[in-house]
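*Asks:* This is the structure I have questions about; it appears just below.
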Amino acid sequence: MPLLTSQRINELFQNFQTVEVIFNKPISSALELISKEVYIKCLGYQLKCIIYSCSMTGGKLIMNLTPDILKLFSKANNSVSLRFCFHDPDHSSPITFFINCKVIGYSPYDKDSPNLQFLSLKFTHQPPEDLIGRLGLIIEANVNAKKRAEDRIILNEETIKALEFLPKASALVVNGIPRACIIRDISFSGARIIISGLGKFLVNKPATIRIEFQDLPQMLIPGEILRYEPVEGRKDLSTLAIKFIEDQVPISYRIKINDQMTKRKKTPGGGEVSPPKRPEDKSPGAP
């Protein structure tokens, strides 16, 4: 995740505080969530749960709500705390923190398992900056992927360095055959590349672009070759326009593109970027 200023954190909170993020596998991976270390704490008890969704003001969990657990919630006046745990690539220990919450309702998750319920929580205070930043970047990236779908980043020496892009790892895969390529520009929705050979024979074919950044795992983004253009003065080269399949674009790619586009819009001298504070694994006043 990119490092964020306090101003940027506040901006994300103001813009997206009520937007819900569904914690599916790609999202949990992008958030670097350590799901086994997530739990509810109530009156000293640690209760297993699965995060189904979360905003900056509350969350929805999947829990086995036995009568004993419901009695525990009632005894605590529905006050609980939710523990988050995220991998931190810059430290040997993970980022962990508690958020004080109120239980505001529950509903059946599986009719064949009556105790398995959705548990809705409302945060009783603003969550730590780390959660705001992680959720906010995902939400903003998805919003801008639609609003700015065709905005392009030209890959030159400056942007390659800023993106930590690895040009030599790029490839176009068509019919299972990888071809070396040069990526000229990228966007939320696609890319333009240069390959050797006559690209006109590849138009309308499904294709996959292999993209790699220094700080992220290798990505394979599926799409379709929309058109080709000859490269002026080079009969042996072709330029291809690739359109990505929208719902198969990795969220980590969107975050990377969004971060670069956001920085391009900022004026110089907007403040230093500093790493967020690592919250301690404790919950002041938690039940």
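*Asks:* Among the residues of region 136-158, write down those that are touching a helix residue (DSSP H, G or I) at 6+ places or on another chain (Cβ under 8 Å) and either outside any helix (DSSP H, G or I) or closer than 12 Å to ILE99 by Cβ (or both).
*Replies:* Within region 136-158, ARG148, ASP151, ILE153, LEU155 qualify.
*Asks:* Kindly check whether there is at least one residue in region 201-213 that is under 30 Å from PHE97 (Cβ atoms), in the same structural domain as GLU246 (by TED's automatic domain parsing) and within 25 Å of the chain's Cα centre (by Cα).
*Replies:* yes
*Asks:* Within region 43-64, can one find any residue that is of a type in the set (Lys, Arg), at pLDDT 95 or above and part of a strand (DSSP E or B)?
*Replies:* Within region 43-64, one or more residues are of a type in the set (Lys, Arg), at pLDDT 95 or above and part of a strand (DSSP E or B).
*Asks:* More than 21 Å from ARG264 (Cα to Cα), in a loop (DSSP other than H, G, I, E, B) and in contact with a Cys (Cβ under 8 Å, 6 or more places away or on another chain) - does that describe any residue in region 159-181?
*Replies:* Yes - at least one qualifying residue is present in region 159-181.
*Asks:* What pairs can you find where one residue is in region 231-247 and more than 10 Å from SER189 (Cα to Cα), the other is among the aromatic types (Phe, Trp, Tyr), and their Cβ atoms are less than 7 Å apart, with a gap of 6+ or different chains?
*Replies:* Cβ pairs passing all conditions: SER238/TYR228; THR239/TYR228; LEU240/TYR228.
*Asks:* So which of SER107, SER120, SER92 ends up being outside any strand (DSSP E or B) and out of contact with any helix residue (DSSP H, G or I) (no Cβ under 9 Å at 6 or more places or on another chain)?
*Replies:* None of the others qualify; the one that does is SER92.
*Asks:* With respect to HIS91, determine if the residue is under 24 Å from the mean Cα position of the chain (by Cα) and over 18 Å from LEU135 (Cβ atoms).
*Replies:* yes
*Asks:* Would region 121-128 turn up any residue that is over 26 Å from the mean Cα position of the chain (by Cα) and either at pLDDT below 95 or surrounded by fewer than 19 Cβ atoms within 10 Å (Cβ to Cβ) (or both)?
*Replies:* No, because not a single residue in region 121-128 is over 26 Å from the mean Cα position of the chain (by Cα) and either at pLDDT below 95 or surrounded by fewer than 19 Cβ atoms within 10 Å (Cβ to Cβ) (or both).
*Asks:* State all residues of region 182-201 that are assigned to a strand (DSSP E or B) and either over 24 Å from VAL143 (Cα atoms) or hydroxyl-bearing (Ser, Thr, Tyr) (or both); if no residue qualifies, say none.
*Replies:* ILE182, ILE183, ARG184, ILE193, ILE194, ILE195, SER196
The values are calculated or read from the model by the stated rules, or taken from the named source; none is laboratory data. None of these values were measured; they are calculated from a predicted model. Cβ coordinates were reconstructed from backbone atoms using ideal geometry, including for glycine residues, and neighbour counts include every protein chain displayed.
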